[in-house]
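In what follows, a single structure is set out as structure tokens and then discussed.
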Amino acid sequence: MVNFSRFSRAAAVALSLALAAPLAAATAAQAAPVPGRATATAEALPIELPRPTGPYAIGADTLHLVDHSRRDPWVPTQDRELMVTLTYPAARPGAGRPTPYTTTAEAPALLKALGVDSERVGEVTGTRTHARPGARPAPGSHPLVVLSPGFGAPRYSLTTLAEDLASRGYVVASVDHAYESFGTSFPGGRVLTCVACKALEDGAPGSRVTSTRAADVSYLLDRLTGRHPAWRYSAAIDEQRIGMAGHSIGGASALAAMARDGRIGAGVNMDGAFWTAPSPQGLGGRPFMMLGADDETHRPGGKDRTWDATWPTLDGWKRWLTVAGAEHMTFSDAPVIDDHFGLPHSPLPAHRSVALIRTYVGAFFDQELRGIDRPVLAGPTAANPEVTFHHP
């Protein structure tokens with residue numbers, strides 16, 4: 001879950017530790033005054049996301065998908081809906097303005113969640129991204145990586161990772177799961193908020209989120225790679241090379257989606273507790289990486305025992321890595337956003353957080369989806385002393 005709100009911050013920690021009734025405390029935190037509230041300045045500048053590291057220019061498209069075969073588990077009167085951003089390698093830099101980070105309807109919800117003055121909305125809507133809408137994809141077919149955000153967070157919370165993967169030659173599908181974020185724009189002027197958060201507060205299990213998201217991803221893959229694809233550039237996707245990564249419960253959903261759908265060939269969980277019991281049958285030899293904060297939660301024998309329980313069931317190539325100085329929100333855009341607004345975050349500098357996540361997630365998919373040897377995954381390196389390899 002992204003560090004964009006006191007609600008999200010508290011709920012994410014609770015979820016990652018698998019605590020009972022995690023959202024009651026989170027709701028109280030949201031209502032409380034935010035220390036060090038960021039106020040407007042005379043010459044406020046827009047947020048600027050770190051430049052991607054790959055050789056490709058980047059394009060972006062947005063899809064609204066409705067699965068008429070399923071009712072939404074949080075609002076059963078509605079069919080299940082998704083908002084998806086496709087970020088992809090482009091043949092050349094596109095013309096016009098970059099893709100917006102958020103919609104104008106979403107931006108006030110972000111500022112409210114952060115405890116930042118509403119006058120600073122232009123800094124959010126003017127965020128400097130690096131993708132151009134509708135740019136023609138680079139020639140050839142490219143591996144697909146699905147990104148699922150933390151619980152309570154919108155899909156844009158993983159933009160720095162999505163843009164970097166796209167610049168390195170991946171089509172990236174970042175997914176907003178309806179009623180699971182603090183504010184996501186849907187067609188018809190709707191901004192859907194986190195109905196699911198209240199459901200978990202009232203006792204719904206986290207496994208309902210992961211199983212629902214797993215079904216969401218299967219439906220998404222059908223719509224992107226089926227006979228009548230929903231995306232105009234679907235030919236840019238290599239349907240034989242598909243991976244998934246997620247933050248917090250989105251990372252747990254990556255494992256649940258792999259267990260459900262054999263099309264997903266590789267997965268990454270970034271600092272999320274596993275809410276679905278591990279399958280004794282494993283993943284059929286498919287690779288999986290657990291990447292977390294090097295704290296008392298996600299080291300071997302830590303408070304989140306689901307990592308210890310899941311590790312032996314991973315029957316393919318696997319890694320258990322932790323990052324010193326990181327916290328739960330490090331694995332999202334949160335450090336960049338917090339830095340911009342002068343808000344506190346983990347001891348790990350924002351630029352270093354971004355570099356490490358991009359390095360290890362990108363290396364994993366390079367190795368597993370493209371067959372490129374990445375020595376950084378073999379063991380500790382002098383260049384990345386923050387990263388510890390665990391072998392429980």
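The values are calculated or read from the model by the stated rules, or taken from the named source; none is laboratory data. Computed from a prediction, not measured in an experiment: that's the story for all the values here. Note that each Cβ is placed from the backbone with ideal geometry, even for glycine, and that neighbours are counted across all protein chains shown.
Brief remarks follow.
- Segment 236-256, residues that are of a type outside the set (A, V, I, L, M), assigned to a strand (DSSP E or B) and either touching a Pro at 6+ places or on another chain (Cβ under 8 Å) or within 10 Å of F151 (Cβ to Cβ) (or both): D238, R241, G243, G246, H247
- Looking across segment 290-320, the residues that are touching an Asp or Glu at 6+ places or on another chain (Cβ under 9 Å) and part of a strand (DSSP E or B) come down to M290, L291, G292, A293.
- Any hit, segment 83-91, residues being touching a Ser or Thr at 6+ places or on another chain (Cβ under 8 Å), surrounded by 14 or more Cβ atoms within 10 Å (Cβ to Cβ), over 27 Å from R190 (Cα atoms) and modelled with pLDDT of 95 or more: yes
- Restricting segment 257-289 to residues that are in a loop (DSSP other than H, G, I, E, B) and among the polar types (S, T, N, Q) leaves a set whose member that is nearest to S332 (Cα to Cα) is T276.
- Long-range neighbours under 7 Å by Cβ, at least six apart or interchain, first residue of a type in the set (K, R) within segment 270-289, second modelled with pLDDT of 95 or more: R286/M258; R286/G265; R286/A266; R286/G316
- Looking only at segment 92-129, residues that are touching a residue at least 40 places away in the same chain (Cβ under 8 Å), more than 23 Å from the chain's Cα centre (by Cα), in a loop (DSSP other than H, G, I, E, B) and surrounded by fewer than 19 Cβ atoms within 10 Å (Cβ to Cβ) come to 3 in all.
- Any chance A254 is at pLDDT 95 or above and buried (at least 24 other Cβ atoms within 10 Å of the Cβ): yes
- Taken over segment 220-235, the criterion of being outside any helix (DSSP H, G or I) and at pLDDT 95 or above is satisfied by P229, A230, W231, R232, Y233.
- Comparison of A166, A153, A135 shows that the only residue that is in contact (Cβ under 8 Å) with a residue 40 or more places away in the chain, aliphatic (A, V, I, L, M) and closer than 21 Å to R80 by Cβ is A153.
The rows are residues; the columns are (1) at pLDDT 95 or above; (2) closer than 13 Å to G272 by Cα.
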{"position": "L291", "(1), (2)": "yes, yes"}
{"position": "E296", "(1), (2)": "no, no"}
{"position": "W317", "(1), (2)": "yes, no"}
{"position": "A324", "(1), (2)": "yes, no"}
{"position": "M329", "(1), (2)": "no, yes"}
{"position": "A334", "(1), (2)": "no, no"}
{"position": "G342", "(1), (2)": "no, no"}
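- Checking V209, V217, V175 one by one, the residue that is within 20 Å of the chain's Cα centre (by Cα), touching a residue at least 12 places away in the same chain (Cβ under 8 Å), assigned to a helix (DSSP H, G or I) and under 30 Å from G140 (Cβ atoms) is V217 and no other.
- Restricting attention to segment 296-351, the residues that are within 25 Å of T381 (Cβ to Cβ), among the hydrophobic types (A, V, I, L, M, F, W, C) and free of Cβ contacts under 8 Å to residues at least 60 places away in the same chain add up to 5.
- When the criteria are applied in full, T330 meets the requirement of being outside any loop (DSSP other than H, G, I, E, B), touching a Leu at 6+ places or on another chain (Cβ under 7 Å) and either surrounded by 19 or more Cβ atoms within 10 Å (Cβ to Cβ) or among the polar types (S, T, N, Q) (or both).
- Residue match in segment 346-359 (condition: out of contact with any Gly (no Cβ under 9 Å at 6 or more places or on another chain), closer than 30 Å to V121 by Cβ and surrounded by fewer than 20 Cβ atoms within 10 Å (Cβ to Cβ)): yes
- Pair list, Cβ under 7 Å, 6 or more apart: segment 362-385 residue modelled with pLDDT of 95 or more, other residue acidic (D, E) and not in a helix (DSSP H, G or I): Q367/D373
- The residues of segment 172-214 that are aromatic (F, W, Y) and either buried (at least 24 other Cβ atoms within 10 Å of the Cβ) or out of contact with any Ser or Thr (no Cβ under 8 Å at 6 or more places or on another chain) (or both), listed by number, are F182, F186.
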